[in-house]
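The structure appears below as structure tokens.
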Amino acid sequence: KINYKVLSTQDIKVDTSDTILKPYWESKSLSYMTEISYDVKYITQEKVNNTYETSKLATYYSDNKTHFKDSEGKILPLEAATVAITQELNDKATKDKALRTYISYKKGKLGDDVVFQTATISVSKNPFSVAALEKITGLSIVSPYMKPILVNGVYHTFELVKINPAQTKSFEDAKSEV
């Protein structure tokens with residue numbers, strides 16, 4: 001025969017005093033680590049907004065008609081696709097400018113007007129996209145530059161400055177997790 005007793009919350013007493021928790025934390029301290037973070041410098045490339053001559057729009061349209069379709073899947077006429085053509089040409093020019101800036105950055109030949117921004121990113125603190133973080137984790141101090149990547153409609157060119165390795169959390173920092 002098995003005898004059992006139903007426990008209520010009043011029957012269970014949990015001691016969370018530091019005198020009990022600290023020895024447990026000391027034996028399992030490697031389980032309470034900070035996450036790896038990356039210090040980066042980056043340049044943003046704002047969108048290019050050019051105006052194009054009708055002949056250039058027509059040439060681009062004739063070469064890329066299949067890009068410009070309506071909701072029914074029919075190819076739009078040149079007049080209806082002008083805004084989309086201009087947008088596509090501007091996107092292409094923006095990407096080209098970002099790549100040229102990246103090459104200059106990598107060679108150390110950037111102009112004085114380029115503004116660098118800095119950030120420390122990790123899995124929990126990532127103001128960029130998941131794809132950007134994945135590419136940044138693949139960088140090293142030997143090869144710190146990353147080609148421009150599109151994040152929220154803006155191209156970012158990253159340089160890895162420092163990798164901050166995971167460290168054991170202090171007892172006070174890990175106390176809520178223990």
> Got a sec? What order do Ser122, Ser71, Ser55, Ser140 fall in by accessible area at 1.4 Å, biggest, i.e. largest, first?
Replying inline: Ser71, Ser55, Ser140, Ser122
>> Can you compute 3J(HN,Hα) from phi for each residue in the range 58-65, using the Karplus curve 6.51 cos²θ - 1.76 cosθ + 1.60 with θ = phi - 60°, rounded to whole Hz and x for Gly and Pro?
In response: 5, 5, 5, 4, 5, 7, 9, 3
> With every protein chain present, what is the per residue accessible area of the range 1-79 (1.4 Å probe, Å²)?
Replying inline: 82
> Taking the chain as a Gaussian network, where each spring joins two C-alpha atoms under 10 Å apart, which residue of Leu21, Leu57, Leu139 fluctuates the most?
Replying inline: Leu21
> At a probe size of 1.4 Å, how large is the accessible area of Phe116, to the nearest 10 Å²?
Replying inline: 90
> Taking a probe of 1.4 angstrom, what is the accessible area of Thr54 in Å², to the nearest 10?
Replying inline: 110
> Which far-off residues, 5 or more places away or on another chain, put their amide H under 5 Å from the one on Ser129, with H placed in the peptide plane?
Replying inline: none
> What's the extension gain from Val161 to Glu134 if we count 0.36 nm per residue and subtract their Cα-Cα distance?
Replying inline: 8.1 nm
> When the chain is treated as a GNM, springs tying every alpha-carbon pair under 10 Å, which of Ser104, Ser31, Ser17 comes out with the largest mean-square fluctuation?
Replying inline: Ser17
>> Once ligands and nucleic acids are excluded and a 1.4 Å probe is used, how much of Phe171 is accessible, expressed in Å² to the nearest 10?
In response: 20
>> Using the Karplus curve 6.51 cos²θ - 1.76 cosθ + 1.60 with θ = phi - 60°, what ³J(HN,Hα) values do you get for each residue of the range 126-136, in whole Hz, with x for Gly and Pro?
In response: 10, x, 9, 8, 5, 4, 5, 4, 4, 5, 5
>> Which residue fluctuates most in the GNM of the chain (Cα springs below 10 Å): Asp15, Asp63, Asp96?
In response: Asp15
> Residue by residue through the range 82-98, which ³J(HN,Hα) values in whole Hz follow from phi under the Karplus form 6.51 cos²θ - 1.76 cosθ + 1.60 (θ = phi - 60°), with glycine and proline marked x?
Replying inline: 4, 5, 5, 5, 4, 4, 5, 5, 5, 4, 5, 5, 5, 4, 4, 5, 5
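The values are calculated or read from the model by the stated rules, or taken from the named source; none is laboratory data. Please read all numbers here as calculations on a predicted model, not as lab measurements. Areas reflect the complete protein model, heavy atoms only, side chains present, ligands, DNA and RNA absent. Shrake-Rupley method; radii C 1.70, N 1.55, O 1.52, S 1.80 Å.
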